[in-house]
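Have a look at the structure below, then the notes.
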Amino acid sequence: TVVNPSYEEVSAGRTGHAESVEVVYDPAKVSYQKLLDAFWRNVDPLAANAQFCDHGSQYRAAIFYRTEEEKRLSETSKQAIEQSKRFTEAIVTQIVPAAPFYSAEEYHQDFYKKNPVRYKFYKYNCGRAQRLEELWGKP
């Protein structure tokens, strides 16, 4: 595994890393369960090594936990979705221990704000909104 890889290296699939977001939260303001609910509603949990039009292991859906409690809650939330029988296919989202997190370069931070037209093009042309509605219903 490459230490502190560039965005280009990760997005090319050459490092073994996953493109992800680090969420820092205050449990007094938002519960981990609420974060999990938001996570599930924003990914395709049925797609192995892909999210919408992005393909490769770097685009796998994963929950990276830091504590045993986060692991337990993550596994319980995944099991609840599986037991709901909402999907006929298997949920392939990984639940794995957090490894060192490497931030993407500054130009890639808040990409949707800095590049609203490009992000909107991606969001709709890749079928993200349509697929999420198909999976989870209207937001």
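Residue-by-condition table, conditions (1) aliphatic (A, V, I, L, M); (2) not in a helix (DSSP H, G or I):
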| residue | (1), (2) |
| --- | --- |
| Glu69 | no, no |
| Ser74 | no, no |
| Ser77 | no, no |
| Ile81 | yes, no |
| Arg86 | no, yes |
| Ile91 | yes, yes |
| Tyr124 | no, no |
| Pro139 | no, yes |
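Does the stretch 88-101 contain at least one residue that is surrounded by 12 or more Cβ atoms within 10 Å (Cβ to Cβ), among the aliphatic types (A, V, I, L, M), touching a Pro at 6+ places or on another chain (Cβ under 6 Å) and at pLDDT 95 or above?
Yes, there is a match, as at least one residue in the stretch 88-101 is surrounded by 12 or more Cβ atoms within 10 Å (Cβ to Cβ), among the aliphatic types (A, V, I, L, M), touching a Pro at 6+ places or on another chain (Cβ under 6 Å) and at pLDDT 95 or above.
List every residue pair whose Cβ atoms sit under 6 Å apart, with the two residues 6 or more apart in sequence or on different chains, where the first one lies in the stretch 1-15 and is under 20 Å from Phe111 (Cα atoms) and the second, anywhere, is at pLDDT 90 or above and among the aromatic types (Phe, Trp, Tyr).
From residues that are under 20 Å from Phe111 (Cα atoms), the pairs are Asn4/Tyr102.
Within the stretch 36-49, does at least one residue satisfy the condition of being acidic (Asp, Glu), surrounded by fewer than 16 Cβ atoms within 10 Å (Cβ to Cβ) and under 15 Å from the mean Cα position of the chain (by Cα)? Can you show your working first?
The initial filter retains those residues of the stretch 36-49 that are acidic (Asp, Glu), namely 37, 44.
With the extra rule that they be surrounded by fewer than 16 Cβ atoms within 10 Å (Cβ to Cβ), the set shrinks to 37.
When the remaining residues are screened for being under 15 Å from the mean Cα position of the chain (by Cα), the result is 37.
Yes, the conditions are met somewhere in the stretch 36-49.
Given the options Arg118, Arg128, name the one that is touching a residue at least 12 places away in the same chain (Cβ under 8 Å) and either in contact with a strand residue (DSSP E or B) (Cβ under 7 Å, 6 or more places away or on another chain) or of a type outside the set (Gly, Ala, Ser) (or both).
The match here is Arg128.
The values are calculated or read from the model by the stated rules, or taken from the named source; none is laboratory data. The structure presented is a predicted model; accordingly, all values stated were derived computationally and were not measured. All Cβ positions, glycine included, derive from the backbone under ideal geometry; neighbour counts span all protein chains shown.
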